[in-house]
Amino acid sequence: MTEMLPLVCIVDDDTSVRDALRRLIRSVGLRAEVFGSAQEFLQWSRPDVPTCLILDVRMPGISGLDLQRQLSDADIQLPIIFVTAHGDIPMSVRAMKMGAVEFLTKPFRDQELLDAIQFAVERDRVRHLRQAEVTSLRERFESLTPREREVVEMVASGMLNKQIAARIGITLNTVKVHRSRAMEKMQAQSLADLIKIVEKLQTPARKVS
Amino acid sequence: MLQANTTLPVSYDDLQVALSALIAVSGSYAALDLAGRVTAAKGWPRFAWFTGGAVAMGIGIWSMHFTAMLAFRLPIPVAYHWPTVVRVLLIGVLSSAFALQVASRDKMGWARAVTSGLILGAGIAALHYVGMTAMRLGAVMEFNHATVALSVVFAIVFSLAALLFAFDLREVTRGTPFRKLVSSLAMGAAISVMHYTGMASARFVASNKPVDFTRSVSISDLGALGIGAVTLMLLGLTVFLSFLSRQQDARAQDLERAVLQRTSQLTALNEDLSASEERFRRLVDALPDAIIVHSNDRIVFVNPFGIRLLGAQNAQQIIGKNISEIIHPDYRATIKSRILRNYETGAGSPAMESTIISLDGSTVDIEATAIPITWEGSPAIEVVIRDARERKKVEQTAQEWQRRMELAERAGLSIGLWDWDLNTNKVVWSEEAYRQFGLTKETFSGRVEDAVAWIHPGDRATVEEAIRRVLAGGREYSSQYRVVRPDGTICWIDAYGVVAREGPPRMLGIGIDITNLKKTEQSLKESKIEMAHMVRIAIAGELTASIAHEINQPLTAVVTDVSASLRWLGQHPPNLEEARTALTMAIREANRASDVIGRIRALLRKTPPPMRQLDIGEVVDDVLALAREELVTHGVTVTCEFAADVPRVLGDRIQLQQLFLNLIMNAIDAMGSVIDRSRRLLIKSSRHPEGVLVQVHDSGEGVSPEQADQIFEPFFTTKAQGIGMGLAISHSIVEAHGGRLWVSSGSPHGAIFQFTLQKSEGRYD
């Protein structure tokens, strides 16, 4: 299952550094893609696999920090490891605040970087899985009729069948039919299950950490 | 009686044929000769010559015709109708007149020549055939038309030839007898050939018709001879007259030429005279000495300098005065006796100092020389007077200067005086001069060589060269040198001397002790070098970040590659190929880091290496590598345009790197505030008459004209943190390389810093 093999993207304008990084990453059995500039990376169509980004801070054109902001603005949540040959504290603080995984100063120990990659990839894998789950739940939710959705939402908010029937002006029996059909469609085993699913669906954009 | 209708046999008398030809040629000659006279003459004589020529020619043709007719023999008697004979003569004269008219013109074109030839030929032919009708004889004439036509053609062609010759012969002076003869032969031939061809065309057939002999005459042989003789005499006379006239003309011309020549000789002589007079006058006017001529004690001449010396406005105020009036009473008697001696002996007087009185009554010290001359026929004395005041003034000035110098010396200024007698080679020194050399009267011989011996070996050649120039006739001496005193201390001396050539040649001079000045200069130079070094350090400090980046990059690659290779080796089985690749890259990157360090060390090194042949492109590449981080941080795009034909330059790599670094850092700063356009830096090199031209063009704010003036001054800065040394140092670096650095405005914006560097000639390193 090659597609699911985690991917490490390296964006650095220094050819020798990025090639050395690629060689190091390949030596630990990960896939690596290298880019000479942020633009190059943005134009590339990313495969849908757990990915982490190694980003040089200073680059001609769009800098590493700029790229981080752009990705964040576009709601692309990739774990980022910054590397820089000339780092200062304000810069690293800013990067970390923006959600960077790690901020490494060149030259760095290989293990430091690999650990960071490991961590970043793991985090993206979780995010990836979560995202896949949410996607499937949403698909199920989409399959509900408008009335069923209404009923499910009211159930999740803690209303009783009777209250629901009174609120929307239908019989208690009809509410029960809608509820059981929705439970079936949402693949919810119990009421608690259904409530959890609805919660997940209500906070889709919330950051993983 | 011959049978009618039989062709009559014809014969010719050879002698008379020859006579006829002779007459034709003579007539032509006479006519041509007169044509020349016609051209030369004017008015009445011209008409006379013209008429004479026409008549001579006409008679010649006419006479030839009838002489030829007499040479023609028929077995029957022949008579001639005389009115026709006269008419024929008229035709001859008229056509001759026409021919002469043409021949005597100044210019004759081809068209005119051909027309004239036609008419003259036709005239001759007409004369002939009309002349034939004058014949009265017992026969009928029949003509062969073809031959008749041929005869006319002959007449025309020969006439034309004769006229063309005649055209050249018009100028009396240029015509040669030979050519005139040829022309008359052609003309004679025209007449004769026409005649005999015409006769050949005629056939005489016997006839029984009665012949009308009214008004006709027969021509006897004697008559014919008479005609011939008279004609020839007439023609001879004509030619003789023409000859006489020509002789006369030629003599008149000779005379006129002689007069002209004489006149021009006289004029030239006159000009020479006035020219030399003018030269002499100017010389006298320009003389810086006064010249006065007096005769019989009266002043008769004074030159402009003399007028000035005597305080006059013009010569009239002086001329006519008695010579004693201008001589100071003290000298009158002496000078009077000198003048008398001049007149008596005829010899001049040597220079003598005296005093004269000018018109305003003031006295002037002078020096005068006198020689006796002749002025407009009378004995006179020429006096050359020199103003003695100038010389005295110079002497006074020298004395004043000496006093001033003594004062200066006493005031503590270290001025040594020296007086060098060039004849005896003896130098006299003042106390200060002794002090400067660290010598005393006991230790210094007074010879120049012994002074020069104490001069620093490095300066000795220069001093010797300056002395050599003075000895070779120079007027001034100037040199700067170090004296190594006997105690080993150094004294810097700035020496200046003037050669005095009046009297025995000697040189007076001063030597100023400039040791302290030199020391200050030296320490200034040292502090400048120190400053330059400090600035280099400062710039290096600014660039530390860049440098760290430059070293960290390759180091990162090395560490990463080595780590990767360890991992490849740690696998089971080890991946040797990947490990080798990673290690190879690690070595390359390690070398790169080492290069960076080398560049930084070179930049910080204090002593600059010697000038070497350098490729400007390489220097720029080195600097761009150093400045890369700064350029990237500020978003500056760099473009390099190095012309292919740019020669290598002679320079100090480190200094040139610093120069570029300064200019690039300045450009980055200048573009710091640019937000509405791209920040571009263009570095160009091109061939230049002085070697290489380098331009650093930014797209920044540019430089105002006021700034351009002071931008290279030390401590001038527009930056908040700048110390204002970068461009000053850049300027001195370029100057040290024999180039120029200047700034101009870029188009459409920005500034262009450009400088020249000398190309390396030959092999240097």
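If I ask for residues that are touching a helix residue (DSSP H, G or I) at 6+ places or on another chain (Cβ under 9 Å), in contact (Cβ under 8 Å) with a residue 24 or more places away in the chain and either surrounded by fewer than 19 Cβ atoms within 10 Å (Cβ to Cβ) or not charged (D, E, K, R) (or both), which ones from region A:94-117 would you list? If the condition is that a residue be touching a helix residue (DSSP H, G or I) at 6+ places or on another chain (Cβ under 9 Å), in contact (Cβ under 8 Å) with a residue 24 or more places away in the chain and either surrounded by fewer than 19 Cβ atoms within 10 Å (Cβ to Cβ) or not charged (D, E, K, R) (or both), then A:R94, A:A95, A:M98, A:G99, A:A100, A:V101, A:F108, A:L113, A:L114, A:I117 are the ones that fit. Would you be able to say whether some residue in region B:344-357 is part of a helix (DSSP H, G or I) and under 21 Å from B:I371 (Cβ atoms)? Yes - at least one qualifying residue is present in region B:344-357. The residue of region A:83-117 that is farthest from B:Q553 (Cα to Cα), among those that are within 14 Å of chain B (Cβ to nearest Cβ) and of a type in the set (D, E, K, R), is A:D115.
Restricting to region B:568-577, name every residue that is facing chain A (nearest Cβ under 7 Å) and at pLDDT below 90. Break it down into steps so the answer makes sense when it comes.
Step one: of region B:568-577, the residues facing chain A (nearest Cβ under 7 Å) are B:568.
If the condition is that a residue be facing chain A (nearest Cβ under 7 Å) and at pLDDT below 90, then no residue fits.
Do you know which of the residues in region A:36-58 that are within 24 Å of B:H549 (Cα to Cα) and outside any helix (DSSP H, G or I) is nearest to the other protein chains (Cβ to nearest Cβ)? Give the steps one after another, and end with the answer.
First, the residues of region A:36-58 that are within 24 Å of B:H549 (Cα to Cα): A:36-41, A:53-58.
Filter again for outside any helix (DSSP H, G or I), leaving A:36-37, A:53-58.
Numbers: A:G36: 13, A:S37: 11, A:L53: 17, A:I54: 11, A:L55: 14, A:D56: 10, A:V57: 10, A:R58: 6 Å.
Ranking the qualifying residues of region A:36-58, first place goes to A:R58.
For A:A120, the conditions (1) more than 14 Å from chain B (Cβ to nearest Cβ); (2) free of Cβ contacts under 8 Å to residues at least 12 places away in the same chain; (3) surrounded by 18 or more Cβ atoms within 10 Å (Cβ to Cβ) all hold with the exception of (2).
More than 60 Å from the chain's Cα centre (by Cα) and not β-branched (V, I, T) - does that describe any residue in region B:28-51? Please lay out each step first, then the result.
Just the residues of region B:28-51 that are more than 60 Å from the chain's Cα centre (by Cα), to begin with: B:51.
Next, from what is left, pick out any that are not β-branched (V, I, T): none.
Among the residues of region B:28-51, not one is more than 60 Å from the chain's Cα centre (by Cα) and not β-branched (V, I, T), which makes the answer no.
For region B:438-466, the set of residues classified as in a helix (DSSP H, G or I) and in contact with a Lys or Arg (Cβ under 7 Å, 6 or more places away or on another chain) consists of B:V452, B:D459, listed by residue number. Just to be sure before I move on: is B:S349 within 55 Å of the chain's Cα centre (by Cα) and not basic (K, R) in the structure I sent? Yes. Taking B:T607 as the residue in question, decide whether it is in contact with a Pro (Cβ under 9 Å, 6 or more places away or on another chain), at negative phi and either modelled with pLDDT under 85 or part of a strand (DSSP E or B) (or both). So B:T607 does not fit the description; no. From the set of residues in region A:74-93 that are in a loop (DSSP other than H, G, I, E, B) and without any contact (Cβ under 8 Å) to a residue 12 or more places away in the chain, which is nearest to A:Q131 (Cα to Cα)? Of everything passing the filter in region A:74-93, A:I76 is nearest to A:Q131 (Cα to Cα). For region A:13-35, filtered to residues that are surrounded by fewer than 19 Cβ atoms within 10 Å (Cβ to Cβ) and β-branched (V, I, T), the residue that is nearest to the other protein chains (Cβ to nearest Cβ) is A:V28.
Screening A:Q163, A:Q202 for residues that are out of contact with any Lys or Arg (no Cβ under 8 Å at 6 or more places or on another chain), closer than 30 Å to A:D73 by Cβ and either of a type outside the set (S, T, Y) or surrounded by 15 or more Cβ atoms within 10 Å (Cβ to Cβ) (or both) leaves exactly one candidate, A:Q202. Contact map, region A:59-73: first residue within 14 Å of chain B (Cβ to nearest Cβ), second residue β-branched (V, I, T), Cβ cut-off under 6 Å, separation 6 or more or different chains; pairs are A:P60/B:V632; A:G64/A:V57. Checking B:D285, B:D249 one by one, the residue that is under 49 Å from the mean Cα position of the chain (by Cα) and within 30 Å of B:Y29 (Cα to Cα) is B:D249 and no other.
Only a single criterion out of (1) assigned to a helix (DSSP H, G or I); (2) at pLDDT 70 or above is not satisfied by B:A545, namely (2). Restricting A:I10, A:I76, A:I80 to those that are modelled with pLDDT of 85 or more, crowded, with 21+ Cβ neighbours inside 10 Å and either out of contact with any helix residue (DSSP H, G or I) (no Cβ under 6 Å at 6 or more places or on another chain) or more than 14 Å from every other protein chain (Cβ to nearest Cβ) (or both) reduces the list to A:I80.
Of all residues in region B:9-18, none are out of contact with any Cys (no Cβ under 7 Å at 6 or more places or on another chain) and buried (at least 24 other Cβ atoms within 10 Å of the Cβ). Here B:V646, B:V619, B:V623, B:V562 are screened, and the one residue that is closer than 30 Å to A:R23 by Cβ and either modelled with pLDDT under 90 or not aromatic (F, W, Y) (or both) is B:V562. Checking each residue in region B:275-299 for being hydroxyl-bearing (S, T, Y) and in a helix (DSSP H, G or I) picks out only B:S276. Tell me, yes or no, whether region B:300-316 has at least one residue that is touching a residue at least 60 places away in the same chain (Cβ under 8 Å), under 16 Å from B:A380 (Cα atoms) and either among the hydrophobic types (A, V, I, L, M, F, W, C) or not in a loop (DSSP other than H, G, I, E, B) (or both). Yes: region B:300-316 contains one or more residues that are touching a residue at least 60 places away in the same chain (Cβ under 8 Å), under 16 Å from B:A380 (Cα atoms) and either among the hydrophobic types (A, V, I, L, M, F, W, C) or not in a loop (DSSP other than H, G, I, E, B) (or both). Selection of first residues in region B:583-598 that are in contact (Cβ under 8 Å) with a residue 40 or more places away in the chain and within 12 Å of chain A (Cβ to nearest Cβ) and of second residues that are assigned to a helix (DSSP H, G or I) and not aliphatic (A, V, I, L, M), restricted to Cβ pairs under 8 Å at least 6 apart or on distinct chains, gives the following pairs, ordered by first then second residue: B:A593/B:P554; B:V596/B:E550; B:V596/B:P554.
Determine whether region B:665-680 contains at least one residue that is in a strand (DSSP E or B), touching a residue at least 40 places away in the same chain (Cβ under 8 Å), within 14 Å of another protein chain (Cβ to nearest Cβ) and not small (G, A, S). Within region B:665-680, one or more residues are in a strand (DSSP E or B), touching a residue at least 40 places away in the same chain (Cβ under 8 Å), within 14 Å of another protein chain (Cβ to nearest Cβ) and not small (G, A, S). Note on region B:315-360: residues that are modelled with pLDDT of 85 or more, closer than 18 Å to B:A388 by Cα and among the small types (G, A, S) amount to 2.
Would you point out the residue of region B:424-437, among those that are part of a loop (DSSP other than H, G, I, E, B) and touching a strand residue (DSSP E or B) at 6+ places or on another chain (Cβ under 8 Å), that is surrounded by the fewest Cβ atoms within 10 Å (Cβ to Cβ)?
First, the residues of region B:424-437 that are part of a loop (DSSP other than H, G, I, E, B): B:424-425, B:430.
Now drop any that are not touching a strand residue (DSSP E or B) at 6+ places or on another chain (Cβ under 8 Å), which leaves B:425, B:430.
Details: B:N425: 11, B:S430: 18.
Ranking the qualifying residues of region B:424-437, first place goes to B:N425.
Closer than 30 Å to B:I299 by Cα and surrounded by 13 or more Cβ atoms within 10 Å (Cβ to Cβ), is that true of B:V384? In short, yes.
The values are calculated or read from the model by the stated rules, or taken from the named source; none is laboratory data. None of these values were measured; they are calculated from a predicted model. Cβ sites come from the backbone with ideal geometry, for glycine too, and all protein chains shown count toward neighbours.
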